[in-house]
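The structure appears right after this line, and notes come after that.
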Amino acid sequence: MSGGKAGTRGGTNIFFAAYLVLLSVVGILTVGRMGITWDEPNYFTSSYSYLSWFVHVAQNPADWWASIDRYWEQSHEAPPFFKLWAGLFAAAGALLFGTDDLGLLGNFYRMGSYALFLLAVWGSFRFVRREFGEVAAWGTALSMPLIPALFGFARLGQLDGAAAAMYLLAAIGLFRAMEGRWSVPLAGGLLGLAFATKLTVFPVVPASLLWVALYWRGAALRLAGCFAVGAGVFFALWPWLWRDPFARTWEFLTWAGGLQNERLTYYLGGWWAGAPWHYPLVCLVVLAPLVVALSGVVGAVVLLRNASSPAAGWILLNLGLVLAVAGSGLVPVYGGPRQFLAAFPLWAVCAGVGLGWLAGRLRSFGVAALLAAYVTLALPGILWTGVQNSLEYYGEAVGLIPGARALGFETTYMADTYRCAVRWLNRNAPEGATVYVQAGTYPVAESYRRAGELRRDLRPAYLAPIAVERYVYDRRVREGSYFIFLPRQSIYTNQMLALQRKEPLYACEKGGVPLVMVYSGEDVRETLGVRGSPRPRDPGPANALVAGGGALALIAFLAGATRRRR
């Protein structure tokens, strides 16, 4: 009997290894399909600067302390783990292929994020297989790449996909450590790396404290050890903190405070200063294929029905707290789901559990056929949207991108669609023309030029003195110039709304929805006198009470389930 089980488990491992190889090939083939996004140029150069510090210290050991600020100042508001990790991938690319092809190096850099995604798929498969069964494990592993937002960010050189992957890996590690199956240093190290990726992983800490209080108080000492190791790894990995640890750590913890009043959420046709409580819940449904969303809902219900199980409680606590924080209205939730992207790997686990439950009810329908049907139903909308537009994907629940636009959802936000405009400008712009870009995207346009995708004679610039010491700008619109317009509704001003009413020279569309446009400089000049911005809605304190109340209701439900178990 045990030999049969061992044989079955071995066969499963072989199939899963083949699946990971397939996902790796898909990642390699598609990693360059998405355009350059916000922050990627900054993180790429930050990685180079950070890794150069180690080279500098090896050559000048006496200068290691004084040189920290010089090498680690860039993008110091964000922790360094992913930038170091992805920088090593870019360095490997440079060693193999040289440094002439910057686009190729960028793809190597992005593969650092994709490698973490693959690790998260592997970790979730093993966790779910042990806790919820074989079918649920396969359902989870299939759901991860079928959630386009998750798969899209996994192929970008940004912190968000890496943070989502590290959240899941850290959560699995903490759970295994608390039940005594993993060593405290290993789980604590994963926790430290997660915090050294992005602060959005914070909900895993209160989730673990609540789990200990509800399910097993005897794990408190092991959890404390994980926290201690995690803190040590976090500080050891970030030399920027060393020179002024208290002030700089406080800056890291608080720098985003109040940004929800500046970086707005566009949702249901309106602007919000802080997301309403239902926004992240809705995103779980509308940003996933309908079949994945429905499986997630079924899985969440199954987990609630089995809430006395420590593993079920662990998934529910983490998912609930991530959503409650995002929906509180007290934190900046801008740029679609990126600030609560960690919810989506947990949602994939729910979808896998839902498929496992369904397989148990459809015994006449083979498991392989069920999983094949699941993937088949999910793929049409994904393929229609295109893997290069994963961040623009909306599911069948809202009618894909056209329906999402009609309902008032933000349809693009990360500048990944700039590539279409760049190609049009290469074909149509006269020699030496100026190409104006929106605030924050000059490094994107300049990166296209440095990588050879934007003609070298074209001149990217801002149309205002923004970051004068670093970037090119003009005080007046030049004759014969162009303006790349990203229809990212959350950053609209009244001037941008006025410009959007004009006829663009070029528009890249999907299903009639513009993803990027090019306007003439003359059209921009005519709208520069339009002042002000749309007034955002304030969710108010009641919104935080609803989000917090939902979290408390979940905690109370889990507490009742654990009391009944005892």
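Students often forget the sequence filter, so: which aspartates and glutamates lie under 17 Å Cα-Cα from Lys502 once same-chain residues fewer than 8 apart are removed? Within the straight-line cut-off, Lys502 pairs with Glu522, Asp523, Glu526.
Restricting the chymotrypsin sites (Phe, Trp or Tyr not before Pro) of region 312-380 to loop positions (DSSP other than H, G, I, E, B) with no more than 16 neighbouring Cβ atoms within 10 Å leaves Phe365. Straight-distance candidates among the aspartates and glutamates for linking to Lys198, with alpha-carbon spacing under 12 Å and chain neighbours fewer than 8 residues away dropped: Glu77, Asp160. Taken per residue, the accessible surface of the chain reaches 41 Å², heavy atoms only and a 1.4 Å probe.
Highest mean first, the peptides 283-292, 68-77, 243-252 sorted by other C-beta atoms within 10 Å per residue fall in the order 283-292, 68-77, 243-252. Using a probe of 1.4 Å on the protein chains alone, the accessible area found for Thr45 is around 60 Å².
Which value, in nm² and rounded to one decimal, describes the direction-averaged projected area of the C-alpha convex hull of region 136-183? Mean projected area for region 136-183: 4.1 nm², to one decimal. Computed with a 1.4 Å probe on the full set of protein chains, the accessible area for His56 sits at about 30 Å².
Karplus-based coupling profile of region 59-70, in residue order and whole Hz: 8, 9, x, 5, 9, 5, 6, 5, 8, 4, 4, 5, with θ = phi - 60° in 6.51 cos²θ - 1.76 cosθ + 1.60 and x standing for Gly or Pro.
Note on Leu383/Arg181: beta-carbon distance plugged into 1/(1 + (r/R0)^6) with R0 of 56 Å gives a FRET efficiency of 0.90.
Placing unit charges on C-beta atoms (Lys and Arg positive, Asp and Glu negative, everything else neutral), compute the dipole magnitude of region 230-365 about its Cα centre in debye, rounded to 20. Using only the charged Cβ atoms, the result is roughly 380 debye. Binning all Cα-Cα separations of region 484-524 at 10 Å, short to long from zero, yields these whole-percent fractions: 29, 61, 10.
Placing pseudo-labels 7 Å out from each Cα toward the beta carbon at Arg535 and Arg305 gives an inter-label distance of 4.9 nm. With a simple spin-label model that places each label point 7 Å from the Cα along the Cα-to-Cβ direction, the separation between Leu22 and Ala256 comes to 3.5 nm.
Mind checking which of Ala273, Leu210, Thr411 is farthest towards the positive end of the chain's charge dipole, using Cβ charges of +1 (Lys, Arg) and -1 (Asp, Glu) about the Cα centre? Of the listed residues, the answer is Leu210. Unpaired cysteine residues in the chain (no second Cys Cβ under 4.7 Å): Cys226, Cys283, Cys350.
Rolling a 1.4 angstrom probe over the chain with all protein chains present gives an accessible area of which 63% lies on carbon and sulfur atoms. Can you give the log10 of the normalised intensity I(q)/I(0) at q = 0.07 Å⁻¹, computed with Debye over equal Cα scatterers of the chain? Taken in order of the listed q values, log10 I(q)/I(0) reads -0.42.
Computed from the Cβ-Cβ distance with R0 of 25 Å, the FRET efficiency linking Glu509 to Ala451 stands at 0.50. Between Leu545 and Ala66, the C-beta separation translates, for a Förster distance of 35 Å, into a calculated FRET efficiency of about 0.10. Each residue, Asn428 and Gln59, gets one label point 7 Å from its Cα in the Cβ direction; the gap between the two is 4.7 nm.
The values are calculated or read from the model by the stated rules, or taken from the named source; none is laboratory data. Predicted, not measured: the structure shown is a model, and the values here were computed from it. In this analysis, Cβ positions are derived from the backbone assuming ideal geometry, glycine residues included, and neighbour counts consider all displayed protein chains. The area values use the complete protein model at the heavy-atom level, side chains included, leaving out ligands, DNA and RNA. Shrake-Rupley method; radii C 1.70, N 1.55, O 1.52, S 1.80 Å.
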